[in-house]
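Asker: Here it is, the structure, as structure tokens.
None of the figures in this text is laboratory data; all of them are computed from the coordinates on show. Model, not experiment: these values are computed from the prediction. Every residue, glycine among them, receives a Cβ derived from its backbone with ideal geometry; neighbour counts consider all protein chains shown.
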Amino acid sequence: MNATLSQHVQIPADSGSLEGMLELPPNARGVVIFAHGSGSSRFSPRNNFVAEKLRDGRVGTLLVDLLLPDEEFVYESRFDIALLTRRLATVAAWVAESRAASDLPLGLFGASTGAAAALRVAAAERTPIAAVVSRGGRPDLAGATALANARAPTLLIVGSEDRGVIELNQSVYEMLRCEKRIELVSGATHLFEEPGTLARAASLARQWFERHLRADIGAFAFMR
């Protein structure tokens, strides 16, 4: 593909449709689905910033709401990992079958509770996942079974001042048996609001996806 694709998409899920924005740069090397955290959406300025940096590296992005409009106002839905996982799996399957991106390796970027859903989807292997990145995530909520079964190369990005979440990510890191890496972004708290910290996180994510979103690696990982 030699032109940029920017397309509003509606993905059927349960009794409604999930709204999202699919953007593919020319000659995209892959596409990354963003799994937002609790209380966030596809309009999240932080995730849109990261998505822009990924596209600069020829990585396509899909920012999508995993909750239906009426579910957004239900507090429990935001922390329903099983629901978020099911919806993310639906989105991943849709991308894998789409005309625009079916031939592209697929990555997942999870923030907060979205990181748990991303790891569960990657561990299930119903749709091949080439790489996972968690930013300020709660990957521990994925559960021991999913963490033990994870095969996609996984990068955990945590703020150095995000006390409590650091320890949870370090515990997850020890449980993972896939290719893995943990990065502490100096001076960052949970939302990476400090000057330069979100840019550093975006750079780390871009490097990880650029390394792993290759068709040969993605196919091999899924066949193991």
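Asker: Ignoring everything except DSSP H segments at least 4 long, calculate the 222 nm mean residue ellipticity for the chain; use -39,500 (n - 2.57) per segment, divide by total residues, nearest 500.
Answerer: The helix contribution divided over the chain gives -11500 deg cm²/dmol.
Asker: Next question. Let's test the formula: R0 of 22 Å, r as the Cβ-Cβ distance of ASP14 and ALA100. What FRET efficiency results, to the nearest 0.05?
Answerer: With R0 = 22 Å, the Cβ-Cβ based efficiency is 0.40.
Asker: I'd like the distance separating the alpha-carbon centroids of segment 80-152 and segment 1-36, in whole Å.
Answerer: What the calculation gives is 15 Å, centre to centre.
Asker: Taking only Cα atoms of segment 48-107, what ratio of Rg to Rh do you get with Rh as the Kirkwood inverse-distance radius?
Answerer: 1.04
Asker: Restricting to DSSP loop positions (anything but H, G, I, E, B) with no more than 15 other Cβ atoms inside 10 Å of their own Cβ, which trypsin sites (Lys or Arg not before Pro) remain in segment 70-163?
Answerer: Loop-located and lightly packed - ARG99, ARG126, ARG163.
Asker: Compute the length gained on full extension between SER186 and GLU72: take 0.36 nm times their separation in residues and subtract their Cα-Cα distance, giving the result in nm to one decimal.
Answerer: Numbers: separation 114, 0.36 × 114 = 41.04 nm, distance 3.26 nm.
Contour length minus Cα-Cα distance gives 37.8 nm.
Asker: Could you compute how fast segment 56-215 diffuses translationally, taking Rh as the Kirkwood radius over C-alpha pairs and applying Stokes-Einstein at 10 °C with viscosity 1.306 mPa s? Give it in µm² per second.
Answerer: 100 µm²/s
Asker: State, to one decimal in nm, how far the label point of SER160 lies from the label point of PHE49, with both points 7 Å from Cα in the Cβ direction.
Answerer: In this crude label model, SER160 to PHE49 measures out at 1.8 nm.
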